[in-house]
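Note sheet for the following structure.
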Amino acid sequence: MTLKARVIPCLDVKDGRVVKGVNFVDLVDAGDPVEAAKAYDLAGADELCFLDITASSDNRDTIFDVVSRTADHCFMPVTVGGGVRSITDIRKLLLCGADKVSINSAAVKNPDFVAEAADKFGDQCIVVSIDAKKVSAAGETDRWEIFTHGGRQPTGIDAVEFASRMVDRGAGELLVTSMDRDGTKSGYDIALTRTIADAVRVPVIASGGVGDLDDLVAGVKEGHATAVLAASIFHFGTYSIGEAKRYMADHGIAMRLD
Amino acid sequence: MRVAIIDYGSGNLRSATKAFERAAREAGVDATIDLTDKPEHVVKADRVVLPGVGAYADCRRGLDAVPGMHAALTEAVVNNAHPFLGICVGMQLMSSRGLEKTVTEGFGWITGDVVEMTPDDPALKIPQIGWNTLTLNRAHPLFEGIPTGPQGLHAYFVHSYHLAAANPEEVIATTDYGGPMTAFVGRDNMAGAQFHPEKSQTLGLRLISNFLRWMP
């Protein structure tokens, strides 16, 4: 009788097709996002995340089609991120069937946008996506900084302070990605996840770096995340959603197994 | 059968519409799902669904911004006793008042206020986002064939507030989040889910099917 930890497969979508970035650079085509979404729905994924990395504005509308077609078939919660910059973007995604949107660079550029979006659509549908890199030297107190542009652009903004500020503005959930770990399969940055999770009252989704199922367990147990996001371990069939959830349950985490 | 899903600019309406269409198909119910912002459609509908996400006051304002909609709801649900299902904030609006941000009048169908959840355990984050099980306080036709309890099916919740109903008889189901929180209310032809049936996979589709066949 308790809220269950969530396992969230994330599909990177470019021009309407699934890709997975390794450190956001090497891209491998891995199929139709809607087919993948249906498979994850059947497999018992607790939520689904689409990250739109379409660069060209000509193809920006492809994500709306992907989200609508997914909503026609999948009765599970869907979060869409990537290029969410205006109230109009959010409204369009929600009308297509998204439940939540994740805001990344627009939140860094203009924190008031998060407040405006939360006022308009409710805190519960605004996820702020935090891409952070460790900037403290060995031996120093841990410190992480927000990076934008796929981890290339430092901003000088402290990640933990930013997280608290975003919650004050109305973010209902935080998606915390370690840009040091993303694509490395060496596990989440647990210290980063836990520091932010313990500093805010909203749920935190751990992201970036999952290599095996122990990483998912650590994200919840040590990182204090209430949801764990992963991409390639699921897309490439290393582990199924069911295996991941059973493994987490076997390690004492309350999971939804129906 | 005509099912009106009220469109007042709140909620992931496409998901709700699609879920009702699929549940109708699976239940073998011949239903037209009408996503509508027209009060006359609501009055004429056999069943009425009020979705809603966001803040209580904003949803109330949104609904009142559609001329005649509140009156149409009252006509269909209170006077004509057509089956009604409120979802999330659509369910919360059935209360006497909402206390989110400001004090807002509800429909007054279920006596009680919508209040903030304040779990003592810091590990229980607000909003509650995710899957939780239900405790059924009493049998209700909408839960027919749905396993509940700790080993039962899960429902998908996203909320920071819950309806503290004055009459325990009207709390059909609760969910545990640092104590029992109202998950489902019901009285006569009125029902309301704090969770999202349209996002709750097996449990949700069954509950919607039951709603479509419900003869209160």
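The values are calculated or read from the model by the stated rules, or taken from the named source; none is laboratory data. Note that this is a predicted model, so its numbers are computed, not measured. Methodologically, a virtual Cβ is constructed for each residue, glycine included, from the backbone with ideal geometry; neighbour enumeration extends over all protein chains shown. Heads up: the accessible areas ignore ligands, DNA and RNA and are worked out on the full protein's heavy atoms, side chains in. Shrake-Rupley method; radii C 1.70, N 1.55, O 1.52, S 1.80 Å.
When each of A:S129, A:S105 is tested for being touching a strand residue (DSSP E or B) at 6+ places or on another chain (Cβ under 9 Å) and open to solvent by 40 Å² or more (accessible area, probe 1.4 Å), the lone residue that passes is A:S105.
Taken over the range B:100-119, residues that are open to solvent by 40 Å² or more (accessible area, probe 1.4 Å) and farther than 26 Å from B:V78 by Cα amount to 4.
Taken together, the residues in the range B:128-153 that are facing another protein chain (nearest Cβ under 10 Å) and open to solvent by less than 10 Å² (accessible area, probe 1.4 Å) amount to 8. Does the range A:237-255 contain any residue that is crowded, with 22+ Cβ neighbours inside 10 Å, within 23 Å of A:F147 (Cβ to Cβ) and not hydroxyl-bearing (S, T, Y)? So far as the range A:237-255 goes, no, none of its residues is crowded, with 22+ Cβ neighbours inside 10 Å, within 23 Å of A:F147 (Cβ to Cβ) and not hydroxyl-bearing (S, T, Y). The residue pairs whose first member lies in the range B:2-22 and is within 14 Å of another protein chain (Cβ to nearest Cβ) and in a loop (DSSP other than H, G, I, E, B), whose second member is hydroxyl-bearing (S, T, Y) and open to solvent by less than 20 Å² (accessible area, probe 1.4 Å), and whose beta carbons are closer than 7 Å, counting only pairs six or more residues apart or on different chains, are B:D7/B:T36.
Evaluate the following for B:V77: is it within 14 Å of chain A (Cβ to nearest Cβ) and either part of a strand (DSSP E or B) or crowded, with 17+ Cβ neighbours inside 10 Å (or both)?
Details: within 14 Å of chain A (Cβ to nearest Cβ): no; either part of a strand (DSSP E or B) or crowded, with 17+ Cβ neighbours inside 10 Å (or both): yes.
Considered against the rule, which asks whether it is within 14 Å of chain A (Cβ to nearest Cβ) and either part of a strand (DSSP E or B) or crowded, with 17+ Cβ neighbours inside 10 Å (or both), B:V77 comes out as no.
Restricted to the range A:93-139, and to residues that are part of a loop (DSSP other than H, G, I, E, B) and within 18 Å of A:L192 (Cα to Cα), which residue is nearest to the other protein chains (Cβ to nearest Cβ)? Looking at residues that are part of a loop (DSSP other than H, G, I, E, B) and within 18 Å of A:L192 (Cα to Cα), I get A:N104.
Every condition in (1) touching a Ser or Thr at 6+ places or on another chain (Cβ under 9 Å); (2) open to solvent by less than 50 Å² (accessible area, probe 1.4 Å); (3) outside any loop (DSSP other than H, G, I, E, B) is met by A:V84 except one, and the failing one is (3). Quick one: would you say B:I126 is in a loop (DSSP other than H, G, I, E, B) and closer than 28 Å to A:V7 by Cα? Yes, satisfied. If you check B:L99, B:L50, B:L63, B:L85 for being more than 14 Å from chain A (Cβ to nearest Cβ), more than 17 Å from the chain's Cα centre (by Cα) and aliphatic (A, V, I, L, M), only one passes: B:L99. Whenever a residue of the range A:52-79 is within 14 Å of chain B (Cβ to nearest Cβ), its partners that are among the polar types (S, T, N, Q), lying with C-beta atoms within less than 8 angstrom and at least six residues away or across chains, give the pairs A:A71/B:N12; A:A71/B:S15; A:F75/B:S15; A:F75/B:S200; A:F75/B:Q201; A:M76/B:Q201; A:V78/A:T70; A:T79/A:S102. Note on the range A:154-180: residues that are more than 14 Å from every other protein chain (Cβ to nearest Cβ), under 28 Å from A:F236 (Cβ atoms) and assigned to a strand (DSSP E or B) total 2. The single condition from (1) surrounded by fewer than 22 Cβ atoms within 10 Å (Cβ to Cβ); (2) in a helix (DSSP H, G or I) that A:G183 fails is (2).
Checking each residue in the range A:193-208 for being in contact with a helix residue (DSSP H, G or I) (Cβ under 7 Å, 6 or more places away or on another chain) and open to solvent by less than 30 Å² (accessible area, probe 1.4 Å) picks out A:T193, A:I196, A:V200, A:V202, A:V204, A:A206.
Of the residues making up the range A:61-79, one or more are open to solvent by 60 Å² or more (accessible area, probe 1.4 Å), outside any loop (DSSP other than H, G, I, E, B) and at pLDDT 90 or above. Provide a single number: the residues in the range B:170-210 that are in contact with a strand residue (DSSP E or B) (Cβ under 8 Å, 6 or more places away or on another chain), more than 14 Å from every other protein chain (Cβ to nearest Cβ) and outside any strand (DSSP E or B). Total satisfying the criteria: 2. Only one of the numbered conditions (1) within 14 Å of the chain's Cα centre (by Cα); (2) more than 24 Å from A:D99 (Cα to Cα); (3) open to solvent by less than 10 Å² (accessible area, probe 1.4 Å) is violated by B:N189, and that is (3). The residues in the range A:240-258 that are over 19 Å from the mean Cα position of the chain (by Cα) and hydroxyl-bearing (S, T, Y) can be counted, and the count is 1.
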